[in-house]
Amino acid sequence: MSSLICLPKQVVLASASPRRKELLGQMGIRFTVVPSFRKEDSPSGEASEYVCRLAGQKARDSAGRISEDALVIGADTAVVKNGKILG
């Protein structure tokens, strides 16, 4: 069974990551890249909260630079060892 997802006129990827571009392309989603220029905060707190916070900040930064309603996708990753965020 397939499901239909209605997307807005424009989908924006708030990242210049080649892998993220590849993933969206594999899903058949047409999108524009508007990378965030926001400086990343120093790692703090739980890793999952940290990456969610950064992803949101990146999406808001990119959304502030486009003129129309769009679905803005922000993403981030972190390397964690023994509960410590390494980068």
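The values are calculated or read from the model by the stated rules, or taken from the named source; none is laboratory data. As the structure is a computational prediction, the values presented were derived from the model and not from experiment. Please note: Cβ atoms are built from the backbone with ideal geometry, for glycine as well, and neighbour counts cover all protein chains shown.
So is VAL51 under 15 Å from the mean Cα position of the chain (by Cα), part of a strand (DSSP E or B) and modelled with pLDDT of 90 or more or not?
The answer is no for VAL51.
Across region 31-67, which residue is surrounded by the most Cβ atoms within 10 Å (Cβ to Cβ) among those that are out of contact with any helix residue (DSSP H, G or I) (no Cβ under 9 Å at 6 or more places or on another chain) and of a type in the set (Lys, Arg)?
My answer is LYS58.
Just checking, does region 25-37 include any residue being of a type in the set (A, V, I, L, M, F, W, C), over 13 Å from VAL72 (Cα atoms) and not in a loop (DSSP other than H, G, I, E, B)?
no
Among the residues of region 39-48, how many are over 20 Å from ALA16 (Cβ atoms) and either charged (D, E, K, R) or in a loop (DSSP other than H, G, I, E, B) (or both)?
5
So, in region 17-48, of the ones that are of a type in the set (A, V, I, L, M, F, W, C) and modelled with pLDDT of 90 or more, which residue ends up nearest to GLY83 (Cα to Cα)?
Applying the filter and picking the extreme gives LEU23.
Being of a type in the set (A, V, I, L, M) and touching a Ser or Thr at 6+ places or on another chain (Cβ under 6 Å), is that true of even one residue in region 2-10?
The answer is no, given that none of the residues of region 2-10 is of a type in the set (A, V, I, L, M) and touching a Ser or Thr at 6+ places or on another chain (Cβ under 6 Å).
Just a yes or no: is a residue in region 79-87 over 13 Å from the mean Cα position of the chain (by Cα), surrounded by 15 or more Cβ atoms within 10 Å (Cβ to Cβ) and more than 19 Å from ALA16 (Cβ to Cβ)?
yes
Return the residues of region 54-78 that are within 10 Å of the chain's Cα centre (by Cα) and assigned to a strand (DSSP E or B); say none if nothing qualifies.
VAL72, ILE73
Check ALA16 against each of (1) over 11 Å from the mean Cα position of the chain (by Cα); (2) assigned to a loop (DSSP other than H, G, I, E, B); (3) at negative phi; (4) surrounded by fewer than 13 Cβ atoms within 10 Å (Cβ to Cβ) and name the one condition it does not meet.
With respect to (1) over 11 Å from the mean Cα position of the chain (by Cα); (2) assigned to a loop (DSSP other than H, G, I, E, B); (3) at negative phi; (4) surrounded by fewer than 13 Cβ atoms within 10 Å (Cβ to Cβ), ALA16 is out only on (1).
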